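One structure is given here, and the rest of the page talks about it.
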Amino acid sequence: MSDAEADLESGELLHRPGALARYGPILLLTLGPILAALVCSSLILLAVGVDPLAYYGYVLRRGLLSGLGLSQSLTRTAPLLLLAAGLIVAFRAGIWNLGVDGQFLLGAVASAALAPAIHGLLPGWLVLLLGFALAGVVGALWSVLPALLKAYQGVNEIITTLMTTFLGISLANALVKLVFLDPGTTVPQTRTLPVPDRLPRLFDTTVSSGLIIGLIAVLAVHVAMNRTAFGLRLRTVGANVRAASHFGLSVPQLTVATFALSAGFAGLAGASEILGVNGNVRADWNPAYGLMVIPLVFLARFHGVATIALIFLYSVLLIGSESAARRLGVPQTFTLVLVASMLIFFGIAEHHLHHRMRKAG
């Protein structure tokens, strides 16, 4: 929890009259980094001889204004939202779960291995439900070691979760190539779940219903973290571990629960991508969605609705940048430059906010 959020929770900012006076500075310091990053990225485009208006025009037309592009942007949003839900839980509780990519891939492999194997033996809805359930459990189990080391030995979870990410990615590839390999294909991959048996599409479009699952997950986490006793316990641990222990909270148990929830959501994100879009996992596949979502969650200041908006914006940039890359010769990875700029300006804005609050206090 940031200092600004702690002040909002404790009521120190609530005496200001009007919603604009209360939340205006926070809103400004959220939108400000986005606008600054757009300006900075535009200057970089100009420096390499590319018209920034043309670039962003292609991005908007391909990622938002065309029917197919909008459908692809919304579908891409689904797994990112599930990852964001897990990260919000972890970060609000003061836990740095940086292992979401490994948890995501292992959940994806688990669902890709189970669903085609039981396809035709059980009703389609049950196949999907079991695929999601197994992916969530596998993701949560992969976080057990970092969770226990953090909870009972005080080992820094940044190190352990990064290590388990590399191990998880390697293990996922090994499982695809050695254990769950589809012998009927020349490309190393798992068996494929038929398109008609994947998650249903929304309103006769190509948008996966995984989008609804992701939206529900983020909103449910937002409500749980702000309106329930369990969420209050997690936020208390995140704000001050010693105070949480003083009030009788079991910090080790809450730490393990936080890891399990966060990693479980990452596993569900993997299942959403496989059971809703891809249908299988290919060897060496790693979209690295976790690295994309982490700065967006911070930029949204762990707020559920703001996170949804920023992730959708990022999905539009991802899909639209494909068109801009082809037409203007800008590398598709330029989107990462834009996100990195947002994160830098976010850090500057956060420092400014803290400095101003210290002077006011």
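The values are calculated or read from the model by the stated rules, or taken from the named source; none is laboratory data. Because the structure is a prediction, the values reported are computed rather than measured. Note that we place each Cβ from the backbone using ideal geometry, even for glycine, and neighbour counts take in every protein chain shown. Side chains included, ligands, DNA and RNA excluded: accessible areas come from the protein's heavy atoms. Shrake-Rupley method; radii C 1.70, N 1.55, O 1.52, S 1.80 Å.
For Val144, are the conditions met, namely being over 24 Å from Arg198 (Cβ atoms) and among the β-branched types (Val, Ile, Thr)? In short, yes. Consider the stretch 309-335 and keep the residues that are open to solvent by 50 Å² or more (accessible area, probe 1.4 Å) and under 15 Å from the mean Cα position of the chain (by Cα). The one that is farthest from Gly214 (Cα to Cα) is Leu313. State which residue is modelled with the highest pLDDT when the search covers only the stretch 205-221 and only residues that are surrounded by fewer than 15 Cβ atoms within 10 Å (Cβ to Cβ) and in contact with a helix residue (DSSP H, G or I) (Cβ under 8 Å, 6 or more places away or on another chain). Among them, the one singled out is Ala220.
Restricted to helices (runs of 4 or more DSSP H) entirely inside the stretch 233-322, those with at least 3 residues that are touching a residue at least 24 places away in the same chain (Cβ under 8 Å) are 251-273, 289-299.
Among the residues of the stretch 123-137, those that are open to solvent by 40 Å² or more (accessible area, probe 1.4 Å) and closer than 26 Å to Ser170 by Cα comprise Leu130, Ala133, Leu134, Val137.
Among the residues of the stretch 280-301, the ones that are of a type in the set (Gly, Ala, Ser) and within 11 Å of the chain's Cα centre (by Cα) come to 2 in all. Can you work out which of the residues in the stretch 139-164 that are open to solvent by 40 Å² or more (accessible area, probe 1.4 Å) and among the β-branched types (Val, Ile, Thr) is farthest from the chain's Cα centre (by Cα)? Only one residue fits best here, namely Val155. Residues in the stretch 193-204 that are in a loop (DSSP other than H, G, I, E, B) and open to solvent by 60 Å² or more (accessible area, probe 1.4 Å) were compared, and the one that is modelled with the highest pLDDT is Pro200.
Among the listed residues Ala306, Ala224, Ala260, identify the single one that is crowded, with 16+ Cβ neighbours inside 10 Å and touching a Phe, Trp or Tyr at 6+ places or on another chain (Cβ under 9 Å).
That would be Ala224, the only listed residue that is crowded, with 16+ Cβ neighbours inside 10 Å and touching a Phe, Trp or Tyr at 6+ places or on another chain (Cβ under 9 Å).
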